[in-house]
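Engineer: Handing you a structure now.
The values are calculated or read from the model by the stated rules, or taken from the named source; none is laboratory data. Since this is a predicted model, take the numbers as computed values, not measurements. A quick note on method: Cβ atoms are made from the backbone with ideal geometry, for glycine too, and the neighbour counts reach across all protein chains shown. Only protein heavy atoms, including side chains, enter the accessible area calculation; ligands, DNA and RNA are left aside. Shrake-Rupley method; radii C 1.70, N 1.55, O 1.52, S 1.80 Å.
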Amino acid sequence: MSNTFHHVDVNHPLLPEKAREFQMFINGKWTKGHSSENFVRKSPAHDIVVSTYPAGTAEDVDDAVKAAREAFDSGKWSRISGGARATVMLKTAQLIRENLAELALLETLETGKPLTQSRGEIQGAADIWEYAAGLARSVNGDSFNNLGDNMLGLVTREPIGVVGVITPWNFPFFIGAERYPYILAAGCTLVAKAAEITSGTTLLLAGILKEAGLPDGVFNVVTGSGSVVGQRITEHSDIDMVSFTGSTAVGQMALQASAKNIKRLGLELGGKNPQVVFADADMDAALDGTLFGFLFNTGQCCVSGSRLLVERSIHAEFCRKLVERAKKVQSGDPLNESTQIGAIITEKHYQTVLGYIEQGKKEGAQLLTGGSAVKTDKGLFIEPTIFDDVTPVMTVFREEIFGPVLCVTPFDSYEEAIRIANDTCYGLAASVWTSNLDKAVQGFRDLKAGRLWVNTTIAGGPELPSGGFKQSGIGRESGSYGLDEYTEIKSVHIQLGKRAKWLAE
Ligand code: NAD
């Protein structure tokens, strides 16, 4: 069975000789599902086929939901103790670590991101599974012992039920880890649908969970397109909640489809995140941070710092130094240990990013560096690109490009910086660079975003929640806040002693 692990020597990662043929995972079993069609995934960096997946159908989703519902109702996961759930989740973390080389290589082959980065993401994911295992033991409610002698009030939390989880292609394993362990810690069962082009590591996780002792039917994976599998999940009337991570446009469709049975919806959507650099910032740190902020994951990152707002008194020097550094960034084969940024995910997205670059040039933004595809015999690579003098009316300022493109806008005052930073329909993340504590605190208070960074960027960890303001989403993932999202609350009044009669005798 091709979903099982093959040995990979981490020091000599080789391209696979043949594509890996995956199956779906429903009710604890591997299955081809109802369709005979397959999705074929090529490595965007090497242009060879690395994986195939069944193109799932609506019936496959129905089968998976049925399995998840029966598993939930049986209580074999939802009613066992948090401690028993934690045991399975800790074992999962251990198995993720043991299979890190395999998971990281597959992640890199399917996404085109540097292997060094994939290793970090898999390790980070194992950390999250461990953290969430702890939370499984502390799902708690509240009590009201102040309602008088005859009454006790309790607030209890219960798992919400069957959750549908739809995830994007940019951090397939890591984004899954920011959702699945919290869902499982809460006691829910789930149907996962990873992006159709990067489902491999989610399927490997399904095998890991089975090995770790997760009961059949609790974790199901249906592979396939968004318009078929994703759509069926969002509209399914036997799913209690959907956690959707992806673009704002598809998030809006998920919102409409979920109205059918008034299911709860968590939305983690797009961003156009400002990095605000004040003249009093540590320039060296701000240069390195803003460079990393827009190039990490080749800019294909929801929290990418893709707008740089820089105080006019340092604007010229900052841009000159940023361009010098951007030219030194190592781009290329993600299997090379020294590569810092890899390939663009698909030919279609590559054309979209190049289209935005052309649009920026046409609209009068000043190209400081990059601006073209990298000429290679294979793979989809785009040069780190920096535009200066970008104004808020330009398309490149307003729309999420999701590539290695930075838009620079100078500002003259604190008030102007905040106004420009907040001038977007998004509110996912923002960074402030300053050595003035008052300005830093004022800055994070005034910026309208769910994740803020002061003198750093894209820092994270399982303890803190993430999510967006405005059109960047609804709800929060991660931390104890993330777990709460997957619970329902009951309030219970318990009468003690005799109840005062309504009808006089
Ligand atoms: P996308 O919206 O195209 O796809 C996301 C997922 O939705 C995929 O699994 C896709 O198959 C599925 N989908 C597509 N059509 C659907 C439909 N009609 N119904 C249900 N599901 C459907 O996004 P993408 O291109 O995969 O990812 C990039 C986007 O994701 C960017 O906008 C990025 O900002 C966002 N993102 C947000 C976060 C966050 O935490 N806020 C994290 C990562 C990515």
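Engineer: Name the residues in region 383-405 that are within 16 Å of the ligand (Cβ to nearest atom) and either not assigned by TED's automatic domain parsing to the domain that holds Phe296 or not aromatic (Phe, Trp, Tyr) (or both), would you?
Structural biologist: Listed by number, the residues that qualify are Thr395, Val396, Arg398, Glu399, Glu400, Ile401, Gly403, Pro404, Val405.
Engineer: Sticking with this one: Select from region 33-63 the residues that are in a loop (DSSP other than H, G, I, E, B) and closer than 21 Å to His236 by Cα and list them in ascending order.
Structural biologist: If the condition is that a residue be in a loop (DSSP other than H, G, I, E, B) and closer than 21 Å to His236 by Cα, then Gly33, His34, Ser35, Ala55, Gly56, Thr57 are the ones that fit.
Engineer: Identify, from the list Ser313, Ser338, the residue that is under 17 Å from Gln275 (Cα atoms), open to solvent by 20 Å² or more (accessible area, probe 1.4 Å) and among the polar types (S, T, N, Q).
Structural biologist: After ruling out the rest, the residue left standing is Ser313.
Engineer: Okay, next question. Could you tell me whether region 249-265 includes any residue that is touching a residue at least 60 places away in the same chain (Cβ under 8 Å), out of contact with any helix residue (DSSP H, G or I) (no Cβ under 9 Å at 6 or more places or on another chain) and of a type outside the set (D, E, K, R)?
Structural biologist: Yes, region 249-265 contains a residue that is touching a residue at least 60 places away in the same chain (Cβ under 8 Å), out of contact with any helix residue (DSSP H, G or I) (no Cβ under 9 Å at 6 or more places or on another chain) and of a type outside the set (D, E, K, R).
Engineer: Within the set of pairs 6+ apart or on separate chains, which have a first residue in region 218-229 that is touching a residue at least 24 places away in the same chain (Cβ under 8 Å), a second that is among the polar types (S, T, N, Q), and C-beta atoms under 6 Å apart?
Structural biologist: As it stands, the answer is Val218/Thr189; Val221/Thr202; Thr223/Ser199, since those pairs meet every condition given.
Engineer: Could we say that Gly355 is surrounded by fewer than 15 Cβ atoms within 10 Å (Cβ to Cβ) and under 21 Å from Cys319 (Cα atoms) here?
Structural biologist: Judged against the criteria, Gly355 is not a match.
Engineer: Further question on the same structure: Only one residue in Gly270, Gly266, Gly251, Gly293 is in a loop (DSSP other than H, G, I, E, B) and within 16 Å of the ligand (Cβ to nearest atom), so which one is that?
Structural biologist: Going through Gly270, Gly266, Gly251, Gly293 in turn, just one is in a loop (DSSP other than H, G, I, E, B) and within 16 Å of the ligand (Cβ to nearest atom): Gly270.
Engineer: If I ask for residues that are part of a helix (DSSP H, G or I), surrounded by fewer than 16 Cβ atoms within 10 Å (Cβ to Cβ) and out of contact with any Lys or Arg (no Cβ under 6 Å at 6 or more places or on another chain), which ones from region 68-86 would you list?
Structural biologist: Glu70, Asp73, Ser74, Ala84
Engineer: If Lys263 satisfies every condition in (1) modelled with pLDDT of 95 or more; (2) open to solvent by 40 Å² or more (accessible area, probe 1.4 Å); (3) not assigned by TED's automatic domain parsing to the domain that holds Asp423 but one, which is the exception?
Structural biologist: So Lys263 meets the others, but not (2).
Engineer: Out of the strands (runs of 3 or more DSSP E) lying entirely within region 390-496, which hold 3 or more residues that are buried (at least 17 other Cβ atoms within 10 Å of the Cβ) and touching a residue at least 60 places away in the same chain (Cβ under 8 Å)?
Structural biologist: Those strands (runs of 3 or more DSSP E) span 405-411, 429-433.
Engineer: Among the residues of region 229-248, which ones are near the ligand (Cβ under 7 Å from one of its atoms) and assigned to a helix (DSSP H, G or I)?
Structural biologist: Hits for region 229-248 are Gly230, Gln231, Ile233, Thr234, Thr248.
Engineer: Moving to a separate point now. Quick one: would you say Gly226 is more than 13 Å from the ligand (Cβ to nearest atom), within 23 Å of Lys29 (Cα to Cα) and open to solvent by 20 Å² or more (accessible area, probe 1.4 Å)?
Structural biologist: no
Engineer: Is it the case that region 310-323 has a residue that's within 26 Å of Ala459 (Cα to Cα) and in contact with a Lys or Arg (Cβ under 8 Å, 6 or more places away or on another chain)?
Structural biologist: Scanning region 310-323, I find no residue that is within 26 Å of Ala459 (Cα to Cα) and in contact with a Lys or Arg (Cβ under 8 Å, 6 or more places away or on another chain), so the answer is no.
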